[in-house]
Amino acid sequence: MSNADPFKQLENRPVLARYATYAEAQFAVDKLSDAKFPVQNVAIVGVDLRLVEAVVGRLSWGRAALSGLAMGAWLGLLLGLFVSLFAGGDGSTFSLIMLGLLYGAAGGIVFGLVSYAFTGGKRDFLSRSQITAEHYDLHCDAAVLGQARAVLGISAFDTQQSPDDPEAT
């Protein structure tokens, strides 16, 4: 048994097909699975990855406090629910949940403000990140490559031909 990187071994398989989107590649694997093809012989490989970060707003003291409040309130609510499960006594469940919510919210505000203060103004914006690929290659073990091509309706000479349109089904 080789100690080589298992993901590198997946990449070294022959390319079965190339797709513009991950959804198309996923559709092809789903089609193979529906045809009872041994899908453990297939890998989806994103090629030419890039990180796309969309800036959605400015971060301020108010937003830091509000974000901390929301996070702390959820944590406090969960903690209050958990503690109330083990607390003895009648009528204490609601008060324990509410106390957990209040203390969690207060602690969250403090944590949000302290965290924002430690950034020192170096990152005063909110963003969402996503990793995207230029295209997605579907790699397949050579031993079952012909079978996979037959299921997807791909000729041996055309790896860029997509199977049926996922919107058509």
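The values are calculated or read from the model by the stated rules, or taken from the named source; none is laboratory data. The structure displayed is predicted, hence computed values, not measured ones. For neighbour counting, all protein chains shown are included, and Cβ atoms are generated from backbone atoms with ideal geometry for every residue, glycine included.
Put simply, of Ser67, Ser33 the only residue that is assigned by TED's automatic domain parsing to the domain that holds Cys140 and surrounded by 13 or more Cβ atoms within 10 Å (Cβ to Cβ) is Ser33. Considering the range 69-124, and only residues there that are hydroxyl-bearing (Ser, Thr, Tyr) and under 20 Å from Leu59 (Cα atoms), the residue that is modelled with the lowest pLDDT turns out to be Thr119.
Could you please let me know if Asp164 is modelled with pLDDT of 90 or more, outside any helix (DSSP H, G or I), acidic (Asp, Glu) and in contact with a Phe, Trp or Tyr (Cβ under 9 Å, 6 or more places away or on another chain)? So Asp164 fails the test. Taking Leu99, is it surrounded by 12 or more Cβ atoms within 10 Å (Cβ to Cβ), touching a residue at least 24 places away in the same chain (Cβ under 8 Å) and farther than 30 Å from Gln9 by Cα? The answer is no for Leu99. Check the range 87-98 and report whether any residue there is of a type outside the set (Val, Ile, Thr), on the phi > 0 side of the Ramachandran plot and not assigned by TED's automatic domain parsing to the domain that holds Arg18. Yes; the residues of the range 87-98 include at least one that is of a type outside the set (Val, Ile, Thr), on the phi > 0 side of the Ramachandran plot and not assigned by TED's automatic domain parsing to the domain that holds Arg18.
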